[in-house]
Amino acid sequence: ILLTATALAATKRVVCGISADALLEKKKYKELLEPYRVRELNTLLFLRKIRKDIIVELAPISDPYGPTSVDASIEALVVSQETLNGSKALNVRREENGLAPMHLMPIDLIVAPLDGVQANSMHASVDNSALKISSTAIRAALAEKQQRGSRPPH
């Protein structure tokens, strides 16, 4: 949803930071992550499906700031509610670098109902009636599915 919102909000250009492989070393279920080049290509293909008329620049992120701390032409950043506070630190870094702050565009999390989902492999939302959809939660569900598939039937 972040990519879709970014593409729809853009006027001319999208700069999309993609986590470099080294930045993902400590992620849960990292063995289920695709290599950087695959994620880069899939990001480009996805953005092109949404908007063919914008310039797309993809940049590897190897630190928490990515290109936002040094690229004065980045004017806005689409973020989740969950990452909004961390994104405010990006504007502090920009100001330290003599750049104008970015307009932060927070979007709400997507939640899924509990139907048929193992709650222990997902992160519960605030009211516990639904589960937030996150990349870690998706990888946890995939890992659990793979484990079930590798067990011999009873």
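Observations on the model:
- Any hit, the stretch 89-104, residues being open to solvent by less than 40 Å² (accessible area, probe 1.4 Å), over 20 Å from residue 27 (Cβ atoms), in a loop (DSSP other than H, G, I, E, B) and modelled with pLDDT of 75 or more: yes
- A search for C-beta distances below 6 Å between a residue of the stretch 57-75 that is closer than 12 Å to residue 91 by Cα and any residue that is part of a helix (DSSP H, G or I) and open to solvent by 40 Å² or more (accessible area, probe 1.4 Å), counting only pairs 6+ apart in sequence or on different chains, returns 65/93; 69/93.
- Taken over the stretch 48-72, the criterion of being loosely packed, with under 15 Cβ neighbours inside 10 Å and in contact with a Gly (Cβ under 8 Å, 6 or more places away or on another chain) is satisfied by 64 alone.
- Whether a residue is of a type in the set (A, V, I, L, M), part of a strand (DSSP E or B) and modelled with pLDDT of 95 or more was assessed, and residue 38 does not pass this test.
- The residues of the stretch 1-17 that are farther than 15 Å from residue 107 by Cα and outside any loop (DSSP other than H, G, I, E, B), listed by number, are 13, 14, 15, 16, 17.
- The stretch 26-47, residues that are basic (Lys, Arg) and either farther than 21 Å from residue 5 by Cβ or open to solvent by 60 Å² or more (accessible area, probe 1.4 Å) (or both): 26, 27, 28, 30, 37
- Test: residue in the stretch 82-94 that is touching a residue at least 40 places away in the same chain (Cβ under 8 Å) and of a type in the set (Gly, Ala, Ser): no
- Condition met for residue 18 (in contact with an Asp or Glu (Cβ under 8 Å, 6 or more places away or on another chain) and in contact (Cβ under 8 Å) with a residue 40 or more places away in the chain): yes
- Residue 128 at pLDDT 55 or above and either within 24 Å of residue 3 (Cα to Cα) or not hydrophobic (A, V, I, L, M, F, W, C) (or both): no
The values are calculated or read from the model by the stated rules, or taken from the named source; none is laboratory data. Only a predicted model underlies this, so the values are computations on that prediction, with no experimental measurement involved. Positions of Cβ are generated from backbone atoms using ideal geometry, with glycine treated the same way; all protein chains shown enter the neighbour counts. With ligands, DNA and RNA removed, areas are computed over all heavy atoms of the protein, side chains included. Shrake-Rupley method; radii C 1.70, N 1.55, O 1.52, S 1.80 Å.
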